[in-house]
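Asker: To start, I am sharing the structure in question, which I have written as C-alpha cells.
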Amino acid sequence: MHHAIDESHDPNLKSWVESANDETTDFPLQNLPFGVFHTDDEEEGDGRIGMAIGDRVVDLLELCEAGAFDDLDDEENPIDEDLDAPALSILLMSGRERWGGIRDRVRELLTHGNDELAGEKELLEAALLPMQDCRMLVPGEVGDYTDFYASVHHATNVGSMFRPDNPLLPNYKWIPIGYHGRASSLVASGSEIRRPCGQTRPDENAPPVYGPCKLLDYELEVGCMMGPANERGSRLPIERAEEAIFGICLVNDWSARDMQKWEYQPLGPFLAKSFATTVSPWVVPIEALAPFRTPAFVRPEGDPQPLDYLDSKHNRESGGIDITLEVLIASKQMRDKGIAPVRVSVGSFKHMYWTFAQMLTHHASNGCNMEAGDLIASGTVSGPEKESRGCLLEMTWDGPGKPRKPIELPTGETRTFLEDHDEVILKGWCEREGYRRIGFGVCDGVILPART
C-alpha cells in the first residue's frame with residue numbers, strides 16, 4: 001500500500017477550531033497527529049490518547065463515550081479499550097483500519113461547517129482541551145527501540161575524525177547499519193536529562209577513570225513508530241514495509257561522546273547512549289506526509305546500488321520524506337535574561353542514504369519480528385553543508401587534525417559540547433507549495449548535573 005495524496009490533503013480544508021487555520025501552526029486539519037496525555041489534575045497513570053488540532057488536544061475517549069466512533073466499534077475489540085490507555089500500543093495493534101477510521105472521523109467532526117461537536121457545548125468543553133493544560137507522555141509503550149546510522153554525511157564526518165584515510169567502512173553502502181537501543185530509558189519531551197557518569201580514558205597513556213561525562217551531545221533524529229508488521233521467522237518485503245509504519249516523530253538520542261569513544265570497540269554503542277533518549281509527544285500519521293515524499297537518496301556514480309531485497313520502484317521514486325529539521329539551544333544564562341533559543345543547525349531528512357522502508361526491510365530480513373509500538377530511529381540527520389550537521393560532535397569539528405571550533409551563543413558563551421542546564425530543542429516541519437504546512441511539535445530537554 002502506497003499512501004496517495006487525497007482529499008484529506010486539500011489545502012482549502014478549514015476547521016472551526018480557529019487556531020488550526022493559522023498558517024504557522026504545526027497542527028492544521030491536514031495533520032491530526034496522535035499522542036498520549038493527561039491533564040494537570042490527573043496522575044500519569046490516567047494517560048489516554050488524544051489528537052492535536054491547532055492549540056487544542058482532542059480527548060478521543062470523550063468522543064468515543066459520546067458515540068462518535070460507534071461505526072468503528074467491535075465487540076471482540078472494543079474501541080474504548082484502544083483509547084483509554086497510557087500508550088498508543090493497543091490502538092496500533094488494532095491496525096490501520098481502526099486508527100485511520102478514527103482520524104477520518106475526527107477530521108469530519110472538526111471541519112468548518114460541521115456542528116456535531118461544535119454545537120454541543122458540554123461535550124465540546126470535555127473533549128477539546130487547551131494544549132497548555134495537558135501533560136504529554138512518551139506516545140508509545142515501546143517494547144523495542146532500534147537506532148540506525150542512515151545518514152552518509154554523518155557517517156562520513158564521524159569516520160573522518162577517527163579514520164581520516166578510511167572514513168566509511170566497507171559495509172556502509174551495502175547494509176543499513178543499526179544497533180538495538182534501550183527502550184526503558186525513552187523519555188517524554190520536556191523531561192530533564194541527568195548528565196551520565198561512566199568510564200572514560202581522557203589520557204591514552206594512563207588508565208581509564210570513572211566520573212561525569214564531559215563531552216555530552218545531542219543527536220537530531222527522526223523516528224518511525226510501528227503498527228502490526230511481521231511474525232517472528234517471517235520477513236517484511238520492501239513493497240510492504242510502509243504498510244507497517246504508523247507514523248513519524250522526532251527523537252533526540254543524547255550521547256556521551258567521551259564514554260562512547262572508549263567503549264564502542266568492538267561491539268558499538270552501550271552506556272554512552274542508554275541513559276536517555278527523548279521522543280516528541282506527537283506522532284504524525286504516515287498518510288499525512290504523502291505530499292512531502294521525495295525520491296530516495298540518489299547514489300553518486302561508483303556507489304553500489306541496493307541489493308534486490310532493499311530495492312523497489314516505489315522506494316526509488318518516493319521512499320524519502322522532505323522534513324525540515326532544526327536544532328536550537330538555550331543556556332541557563334540566556335533563559336535568565338529572556339533571550340530566545342538560538343538556532344544551531346537546520347537541514348532536511350531527504351538527504352538520508354537509507355529510507356525507513358529499507359531500514360525496516362533489512363531489520364526484519366533475518367526473521368526478526370517487528371511489533372506494534374516499536375520505535376525505529378534514523379540515526380543523526382546530517383546534510384551536505386556544515387549548517388545541516390545534526391550534533392555538536394560534527395558542528396564543532398573543523399576538519400582532520402584541526403582544533404574544535406566552538407559555537408557562540410548570544411550571551412558570549414561558547415559551546416563545544418553541552419553544559420549543565422543547557423536546553424536543547426528539536427523542531428521539524430514539512431512544507432510544499434500548494435499544501436498546508438505540517439509540523440511535528442517540539443522535542444526538548446534540559447541537562448541536569450550528574451549525580452556524584
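Asker: Can you compute the radius of gyration and Dmax for region 7-135, using only the Cα atoms, both in Å?
Answerer: According to the Cα coordinates of region 7-135, Rg and Dmax are 14.0, 42 Å.
Asker: Between Arg194 and Val298, what length in nm is gained on full extension when 0.36 nm per residue of separation is reduced by their alpha carbon distance?
Answerer: The Arg194-Val298 span can extend by a further 33.5 nm.
Asker: How long are the semi-axes of the equivalent ellipsoid of region 367-406, taking √(5λ) for every eigenvalue λ of the Cα gyration tensor, in whole Å from largest down?
Answerer: Over the Cα atoms of region 367-406, the ellipsoid semi-axes are 33, 10, 9 Å.
Asker: Taking only the Cα atoms of region 306-354, how large is their convex hull per residue, in Å³?
Answerer: Output value, Cα hull per residue: 81 Å³.
Asker: So, one more: Taking the Kirkwood radius as the inverse of the mean 1/r across Cα pairs, report the Rg/Rh of region 133-264.
Answerer: Rounded to two decimals, Rg over Rh is 1.01.
Asker: Total Lys pairs in region 145-448 closer than 15 Å by alpha-carbon, pairs eight or more apart in sequence or interchain only?
Answerer: 4
Asker: With labels modelled as points extended 7 Å from the Cα through the Cβ direction, what inter-label distance (nm, one decimal) is found for Glu108 paired with Arg182?
Answerer: Using points 7 Å along Cα→Cβ, the separation is 4.7 nm.
Asker: Okay, moving on. Could you order the peptides 147-154, 196-203, 405-412 from most to least packed, using the average number of other C-beta atoms within 10 Å per residue?
Answerer: 147-154, 196-203, 405-412
Asker: Once the dipole of the chain is set up with Lys and Arg at +1 and Asp and Glu at -1 on Cβ about the Cα centre, which of Thr452, Trp262, Pro306 lies farthest towards its positive end?
Answerer: Sorting the options by dipole projection puts first Trp262.
Asker: So, one more: For an R0 of 22 angstrom, estimate the FRET efficiency from the Cβ-Cβ distance between Asp80 and Glu7 and round to the nearest 0.05.
Answerer: The formula returns an efficiency of 0.20 here.
Asker: Can I get the semi-axes of region 54-100's equivalent ellipsoid? Compute them from the C-alpha gyration tensor as square roots of 5 times the eigenvalues, in angstrom, largest first.
Answerer: Gyration-tensor ellipsoid for region 54-100: 17, 13, 10 Å.
Asker: Sticking with this one: Which Cα, out of Ser184, Met395, Tyr149, lies furthest along the positive dipole direction of the chain (beta carbon charges, K/R +1, D/E -1)?
Answerer: Of Ser184, Met395, Tyr149, it is Met395.
Asker: Right, something else. About the Cα centre, and with charges only on the beta carbon of Lys, Arg (+1) and Asp, Glu (-1), how big is the dipole of the chain? Nearest 20 debye, please.
Answerer: Using only the charged Cβ atoms, the result is roughly 2860 debye.
Asker: Got a sec to turn the phi values of region 247-262 into Karplus ³J(HN,Hα) couplings, 6.51 cos²θ - 1.76 cosθ + 1.60 with θ = phi - 60°, whole Hz, x for Gly and Pro?
Answerer: Running phi through 6.51 cos²θ - 1.76 cosθ + 1.60 with θ = phi - 60° gives x, 10, 9, 9, 9, 10, 8, 3, 9, 9, 5, 6, 5, 4, 4, 7 Hz.
Asker: At 222 nm, what value in deg cm²/dmol follows for the chain if DSSP H runs of at least 4 each add -39500 (n - 2.57) and the sum is divided by all its residues, to the nearest 500?
Answerer: One gets -4500 deg cm²/dmol as the mean residue ellipticity at 222 nm.
Asker: Next question. If you take the Cα atoms of the chain, find Rg, then find the Kirkwood Rh from the mean of 1/r over all pairs, what is Rg/Rh?
Answerer: 0.97
Asker: Shifting gears a bit: If I model a spin label at Ile407 and Ala340 as a point 7 Å from the Cα along the Cα→Cβ vector, what separation in nanometres do I get?
Answerer: The two pseudo-label positions are separated by 1.6 nm.
Asker: 5 Å is the cut-off here: which amide hydrogens, built 1.01 Å from N in the peptide plane, fall below it relative to Leu128, excluding neighbours closer than 5 in sequence?
Answerer: Counting only residues 5 or more places away or on other chains, the set is Asp59.
Asker: Taking only C-alpha pairs under 8 Å that are 6+ residues apart, what is the relative contact order of the chain in percent?
Answerer: This gives 21 percent for the chain.
Asker: Continuing with the same structure: May I ask you to derive the relative contact order of region 27-115, considering only C-alpha pairs under 8 Å and at least 6 residues apart, and to give it as an integer percent?
Answerer: Relative contact order comes out at 26 percent.
Asker: Further question: So what does log10 I(q)/I(0) come out to for region 118-178 at q = 0.22 Å⁻¹, using the Debye formula with one equal point on every Cα and no solvent?
Answerer: At q = 0.22 Å⁻¹ the computed log10 ratios are -0.92.
Asker: With 5 Å bins from zero, work out the P(r) of region 267-309 over every alpha carbon pair and list the percent per bin.
Answerer: Result returned by the calculation: 5, 12, 11, 11, 11, 19, 24, 8, 0.
Asker: Still on this structure, please answer the following. Over the Cα atoms of region 209-293, what Rg and Dmax result, in angstrom?
Answerer: Just the Cα atoms of region 209-293 yield Rg and Dmax of 17.1, 51 Å.
Asker: Using a simple spin-label model with points 7 Å from Cα along the Cα→Cβ vector, what separation in nm is obtained for Glu65 and Asp133?
Answerer: 1.5
Each reported figure results from applying straightforward, stated rules to the coordinates on display, with no laboratory input. It should be emphasised that the depicted structure is a prediction, and the values quoted were computed from it without experimental measurement. Virtual Cβ from ideal backbone geometry, glycine too; neighbours counted across all protein chains shown.
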